[in-house]
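The values are calculated or read from the model by the stated rules, or taken from the named source; none is laboratory data. In this text the structure is predicted, and so the values were computed from the model without any measurement. All Cβ positions, even for glycine, are placed from backbone atoms using ideal geometry, and neighbour counts span all protein chains on display. Surface areas here come from the heavy atoms of the whole protein model, side chains and all, with no ligands, DNA or RNA. Shrake-Rupley method; radii C 1.70, N 1.55, O 1.52, S 1.80 Å.
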Amino acid sequence: MDALLKGYELTAARLLETLQSYGVLEIDCLGRPFDPRVMHAVGVVEDRGAPDGSVVEVCRRGYEWNGAVYRPAQVRVARRIGAAGPQEGEL
Amino acid sequence: MTETELVVGIDLGTTNSEIAAYVDGQVRVLGPDPKMLPSCVGLSPAGELLVGLEARHQQVLYPERTVRSIKRKMGSAETVALGEQHFTPPEISAFILRELAGWARRELGAPVSKAVITVPAYFSDAQRNATREAGALAGLEVVRILNEPTAASLAHGFGDGRRRNVMVYDLGGGTFDVSVVTIEGDVTEVLASHGNNRLGGDDFNDLLFERLAKEFETRHHVDLRGDSVARARLWWAAEEAKKKLSFDPYVRVREENLAVAEGKPLHLDFELSREEYEWMIRPLLDSTLDSISKALDDAGKTVREIDAVVLVGGSTRTPLVVRLLQERTGREPLQDVHPDLCVALGAGVLASRLGGHEVERVLVDVSPYSFGPSHMGLRGGVPYPHCYAPIIKRNTPLPVTRTERYTTCVPHQTTVEVDLFQGDDEDALKNIPIGRFRIDGLRSTDELNEVLCRMSLDMDVILHVTAIEKETGKSKDVTIRNAFAARTEDEIAAARRRLEALWAAREADFGFEDAGGEEDGPVIDVPVAPEIIDMPLEKLPGREEAEKLLERSRALLPKIHPDDVEEAVAIHERIEAAIQARNAADLEKAAADLRELLFFLEGK
């Protein structure tokens, strides 16, 4: 079972390397300030531990391809309680 | 105005906005792909202005710093807040217009100062003035405010001087309206417009979302509707599924890690059929049909007086919309101009004219022919093996991929022959055969087996056809080059013979068990007309008259006996083939036949 898992991990790593060699890069989000250019906020978390406006979870990884956003990352972002205005619940 | 100057056309939409201009002899929509700017504006906490997708990305996080659908508030005294600052609706719209003007400037290499901006036909004076003001705030001189249905008619080339009644059916992301427009030369009149400015593709999304959430709840006993992140992800998945169902009979929705129960991640893996989706949205679409009746009544027109039905808005890609409209109006709705970009292109056509460039219509790459496989079915109540319905219909914009569903004829059938044709006749044998292939080794089942046929036609006029056994994914494909090559009757006969011979040889080769799936499939080179066609269309004698006859005859089609329709369509095809082949002699003969038929039909 472990060996099988290891095998998959190696394959996944190889795949990522290959993608990188073609200019595909994962967008680095976790812990960074929210950047609407490359990230799409799909949720808000009231988290006292994390700085306001920083990414606390990546729901779907985003990628850049040859310097342009191929698919934005879907992220959850920390907001201080009280900092949020009216939640209109629109997606 | 000077002889030629740069005027752009802008569709300032509720959900998306676009900009078009005259470039290299034609009207084109400008900007980075997909050339649509979400009509959304935001201010980041740092005070940075965000327009379009970037603003949409922050909507969930900073709803109090983001505004969408500002068009609904145009003309009202209301202001909207972005953080601590307040803006009027024209000011928000100005941000969108500026961004679009920037797209045009970057692409054309010249500053943009004059614009035609479109508005819904039902916009009041106050709303129109607010739109002008938005233009002025963005540094644009608004040389004309244009009604959206009129713009759509212009994009389809109905501004050519002849008098026509056009029905424009516009189903966007969040608004619906149907208008009846009379257009004659530069004079256009919107006779009536009806709709619902709270109905659109987003409602279809909501229904799909509910369906997915219910499915998840049934399977895992977890309600995702309470979790904002899962809800957002599922809504986007519903949007993707909706788009795919316009082209495929099934969609597979796969979303991983939507929820966690007892430490285990829960996933959604669900297949939805187009049939079920259409059943879900049917009541909404039925309400749009009521609006059609109202618009016709108000315009004082009957369906028969409508010369063309034009589709606008991304949601009209749903095949059910086309079907319902066809049933209601008796005409094939026109969708050859990109439905999302149609209004912008029409604004671009008027802008070009005002700027001193005469354009007849916008150029789009469409398939001039229909393509599809034959199938076993009923014809006149009797089983007939050569029934035919196109998968790719003519005038579909390219590139396009569409899939349809078929079943085997008998249980335990393991081989399917796929015969491919070009044409529109319900009888496949009256169309032009373009290829044939066979998929064997299908599973032997007690029930009928589903086989999907996928056809893709690209800009290089290469047709890819794939047959897929739905259950296993086993597939086989064929590539047909020169799918558009126009041929004369003799050439078609020769092609038929040649292909028959090839097929006979291939049949013999099929004796062994086919592995299927991985091989690239055969490439059929359909013979091309030997002479090089270089005569410009304008020089073809008799073309204009023939096209006028065609127009007259097409207008009659919904009103005449099916036998006459068959005869008329056959002549239409001869005329089109003759024009395509620049064959003046054939054209003259076909036009004479049509003139005779029209004399007979119009005299009735």
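Overview of results
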{"quantity": "Set of aspartates and glutamates with alpha-carbon distance to B:LYS470 below 14 Å, sequence-local pairs under 8 removed", "calculated": "B:ASP248, B:GLU271, B:GLU404, B:ASP440, B:GLU447, B:GLU450"}
{"quantity": "Accessible area of B:CYS409 in the full protein assembly, 1.4 Å probe (Å², nearest 10)", "calculated": "80"}
{"quantity": "Long-range amide H partners of B:THR407 with built H, under 5 Å", "calculated": "B:VAL451"}
{"quantity": "Contact order relative to length of chain B, as percent, for alpha carbon pairs under 8 angstrom and 6 or more apart", "calculated": "10"}
{"quantity": "Positions from segment B:32-60 whose accessible area shrinks by 10 Å² or more when the full protein complex is built, not the chain alone, probe 1.4 Å", "calculated": "B:LEU50, B:GLU54, B:ARG56, B:HIS57, B:GLN58, B:GLN59, B:VAL60"}
{"quantity": "Sequence-distant lysines (8 or more away, or on other chains) whose Cα lies within less than 24 Å of B:LYS264", "calculated": "A:LYS6, B:LYS214"}
{"quantity": "Per-residue mean of C-beta atoms belonging to partner chains within 10 Å, peptide B:220-232", "calculated": "3"}
{"quantity": "Those lysines that a straight Cα-Cα span of less than 24 Å connects to B:LYS559, excepting residues fewer than 8 apart in one chain", "calculated": "B:LYS294, B:LYS301, B:LYS393, B:LYS430, B:LYS548, B:LYS604"}
{"quantity": "Gaussian network model of chain A, springs between alpha carbon atoms under 10 Å - residue of A:PRO36, A:PRO72, A:PRO51 with greatest fluctuation", "calculated": "A:PRO36"}
{"quantity": "Residue-by-residue Karplus 3J(HN,Hα) for segment B:170-183, coefficients 6.51, -1.76, 1.60, Hz, glycine and proline x", "calculated": "10, 10, x, x, x, 9, 10, 8, 10, 10, 10, 10, 10, 10"}
{"quantity": "³J(HN,Hα), Karplus 6.51/-1.76/1.60, whole Hz, each residue of segment A:3-11, x for Gly, Pro", "calculated": "5, 4, 4, 4, x, 4, 4, 5, 4"}
{"quantity": "Nitroxide proxy distance, nm - points 7 Å out along Cα→Cβ at B:ARG252 and B:ASP227", "calculated": "2.3"}
{"quantity": "Protein accessible area in chain B, 1.4 Å probe - carbon and sulfur %", "calculated": "49"}
{"quantity": "Charge dipole magnitude, Cβ of K and R +1, D and E -1 - segment B:160-334, Cα centre, debye nearest 20", "calculated": "220"}
{"quantity": "In Å², nearest 10: area of B:ARG405 left accessible to a 1.4 Å probe", "calculated": "90"}
{"quantity": "Estimated inter-spin distance, B:LEU398 and B:ALA570, nm [label 7 Å along Cα→Cβ]", "calculated": "3.0"}
{"quantity": "Accessible surface buried once B binds A (1.4 Å probe; total of both sides; Å²)", "calculated": "2100"}
{"quantity": "Cβ-defined net charge surrounding B:GLY75, 14 Å radius [Lys, Arg +1; Asp, Glu -1]", "calculated": "+1"}
{"quantity": "HN-Hα J in Hz across segment A:22-34 - Karplus 6.51, -1.76, 1.60, θ = phi - 60°, x for Gly and Pro", "calculated": "9, x, 8, 10, 6, 7, 7, 10, 4, x, 8, x, 4"}
{"quantity": "Length added when fully stretched, B:THR407-B:LYS548, from 0.36 nm per residue minus Cα-Cα", "calculated": "46.5 nm"}
{"quantity": "Under-5 Å amide H pairs with B:ILE391, H placed in peptide plane, nonlocal only", "calculated": "B:PHE371, B:GLY372"}
{"quantity": "Within the accessible area of segment A:25-83 (1.4 Å probe), percent carbon and sulfur", "calculated": "46"}
{"quantity": "Dipole of chain B, positive end: most advanced residue of B:LEU100, B:ALA238, B:LEU285 [Cβ charges, Cα centre]", "calculated": "B:LEU100"}
{"quantity": "Accessible-area ranking of B:HIS357, B:HIS561, largest first, probe 1.4 Å", "calculated": "B:HIS561, B:HIS357"}
{"quantity": "Cut-off 12 Å, label 7 Å out along Cα→Cβ of B:GLU48, residues of segment A:18-35 by amide N", "calculated": "A:33-35"}
{"quantity": "Listed residues B:HIS156, B:HIS220 arranged by accessible area, highest first, probe 1.4 Å", "calculated": "B:HIS220, B:HIS156"}
{"quantity": "Distance between modelled label sites at B:ASP298 and B:LYS264, nm, 7 Å Cα→Cβ extension", "calculated": "5.6"}
{"quantity": "List B:ASP564, B:ASP125, ordered by accessible area with a 1.4 Å probe, largest first", "calculated": "B:ASP125, B:ASP564"}
{"quantity": "Simple Cβ-charge dipole of chain B, Lys/Arg +1 and Asp/Glu -1, about Cα centre, in debye nearest 20", "calculated": "1080"}
{"quantity": "Residue-normalised accessible area of the protein assembly as shown, expressed per residue, 1.4 Å probe, Å²", "calculated": "49"}
